[in-house]
Amino acid sequence: MSSSIFNNNSISISVSDDDPDEVGRMRVRVRRKRKKHGDQRGRTECTQLLIRWFVKYWILLVFLPAAALLIFEATRIGKKPGLAVNSGVNEVKKPGSLGNKEPISKVKELSNLNRLDPTTHVVGGVRERCLKLLPAEELEHLELPLTEESNSNLVKRLVYISDQETPYGAGDSPNSWQRINDTRFNLFTGHQTMDEREKSFKVNETAVIHCGFYSENGGFKISDEDKSYMQSCKVAVSTCAFGGGDDLYQPIGMSEASLKKVCYVAFWDEITLAAQELQGNKIGDDGFIGKWRIVIVKNLPFVDQRLNGKIPKMLPHRLFPHANYSIWVDSKSQFRRDPLGVIEALLLRTNSVLAISEHGARSSVYDEAKAVVRKHKATPEEVEVQITQYRKDGLPADKRFNGRKALNEASVIVREHTTLTNMLMCLWFNEVVRFTSRDQLSFPYVLWRLKVVKNINAFPVCTRKDLVNSMGHIRKAKPLTN
């Protein structure tokens, strides 16, 4: 009985020999958790420290590698010597004394100097040269055909208006040919009336037109010795730098035959002459610097040096009266191909009388006019006068003309001297005098008005890049003072 009472009122407590060990294991686990927590907190603090350090010094992390790269590149540039070409074929030498250091902004452009590597493009998946010249051995024996005026049965004779005879202005007094207010006509250009302008675009067997050199008192004076040299040229490569604007870059890449048959003529004024002499570039006793015959022009007819530059650019047939072919190269570029090969590739091979580059950025005269104003190349007022006249005359806004771009870039011009191309260039010059000096605006208009000139080779931009090394304008030309 007592045992039953004990069983009913007792409390059962489970006691195990494993309990102390279990508690020990629990304690161990607790200690491990604390240790693990401490490691994680340490890593977190380290990460936060790195983040705070990066936020504080991130500029240094970016700047130091950039500075190191800049110093490396500057060291490489500093080791490259400037180059100038002497009078030998493709022979280069270090410049003697070129005076002041070139501006840093021109380092990239000057790195193009004396490059002869071809410019290429991909055609049908195959990379080809943009300009394919004849092999060197064929260039040495290349004979250019003489200009045959009989081939041009549209215009057989040009009569240039001068103060000696004025076919259109018989009733005008001599004073009417002086400089007119608000125009750039002067004794060099003559005063072309709007009626004469309209008549000049009519194609007749005998065309009577203004084409500069109107009066002996009009300026652009050249010595008799230089005139005699230029009259002997059958093929001419020419450039000009008036107002001390650009340096003289020696042509490269020509054959021995070209050196014997081609005249290289650079037109300078006295400002450029003085600027170049300060840099150690002096004309030799023979009148040459390297391959260039330097022709000093006195009494330039325009205050605007850009307009003075249009005279040798557009009127080489007046300056080289016996030349059959000419190549114009802007002073910002170095001509780097054989001129006889260029004439063969761009004129003879394509049955063309004139070759000029397509414009790289735009295709319309009206788009170009907006760009000229936007880039401050001319005033909005004078551009508006020109474009208004072209709209009135009916110039279309088409971006294609005769299957090619309707806008050209005229830094390189290759042409045959025929009566028709001579007429084209005279009319182009007259438009530049009447309106703005931006000749890209007026060339498409003249070509459109003179519809008979169709065999024009508008070569692509990559061909122009193959013809010249472009250095850009070195300095701004100084305008003449009245």
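The values are calculated or read from the model by the stated rules, or taken from the named source; none is laboratory data. Since the model is a prediction, treat every value here as computed from it, not as a measurement. FYI the Cβ positions are ideal-geometry reconstructions off the backbone, even for glycines, and counts take in every protein chain you see. Protein only, heavy atoms only, side chains kept; ligands, DNA and RNA dropped before computing areas. Shrake-Rupley method; radii C 1.70, N 1.55, O 1.52, S 1.80 Å.
Summed over the stretch 276-290, the residues that are open to solvent by 50 Å² or more (accessible area, probe 1.4 Å) and assigned to a helix (DSSP H, G or I) give a count of 2.
Return yes when residue 358 is modelled with pLDDT under 95, among the acidic types (Asp, Glu) and closer than 24 Å to residue 332 by Cβ and no when it is not. Yes; evaluated as a whole, the condition is true for this residue. In the stretch 409-422, of all residues being modelled with pLDDT of 95 or more and charged (D, E, K, R), the one that is most open to solvent (accessible area, probe 1.4 Å) corresponds to 416.
With respect to residue 363, is the statement that it is more than 13 Å from residue 264 (Cβ to Cβ) and of a type in the set (Ser, Thr, Tyr) true?
Here the answer is yes, as residue 363 does meet what is asked.
Within the stretch 387-408, the set of residues being open to solvent by less than 60 Å² (accessible area, probe 1.4 Å), under 27 Å from residue 455 (Cβ atoms) and not small (Gly, Ala, Ser) comprises 390, 393, 395, 396, 401, 404, 405, 407, 408. Going by the conditions given, is residue 273 farther than 19 Å from residue 230 by Cα, assigned to a helix (DSSP H, G or I) and open to solvent by 10 Å² or more (accessible area, probe 1.4 Å)? Yes. Could you list, in sequence order, the residues of the stretch 195-234 that are open to solvent by 10 Å² or more (accessible area, probe 1.4 Å), touching a residue at least 40 places away in the same chain (Cβ under 8 Å) and outside any loop (DSSP other than H, G, I, E, B)? Scanning the stretch 195-234 gives 206, 208, 221, 225, 226, 229, 231.
Listed here are the helices (runs of 4 or more DSSP H) enclosed by the stretch 294-380 that have at least 2 residues being of a type in the set (A, V, I, L, M, F, W, C): 305-314, 339-343, 365-374.
Checking each residue in the stretch 354-386 for being touching a strand residue (DSSP E or B) at 6+ places or on another chain (Cβ under 9 Å), touching a residue at least 60 places away in the same chain (Cβ under 8 Å) and open to solvent by 20 Å² or more (accessible area, probe 1.4 Å) picks out 358, 360. Does the stretch 400-416 include one or more residues that are of a type in the set (Lys, Arg), farther than 23 Å from residue 309 by Cα and touching a strand residue (DSSP E or B) at 6+ places or on another chain (Cβ under 7 Å)? Looking for residues that are of a type in the set (Lys, Arg), farther than 23 Å from residue 309 by Cα and touching a strand residue (DSSP E or B) at 6+ places or on another chain (Cβ under 7 Å), one finds at least one in the stretch 400-416, hence yes. Per the conditions (1) out of contact with any Lys or Arg (no Cβ under 9 Å at 6 or more places or on another chain); (2) open to solvent by less than 90 Å² (accessible area, probe 1.4 Å); (3) of a type outside the set (S, T, N, Q); (4) at pLDDT below 90, the sole criterion not satisfied by residue 158 is (4).
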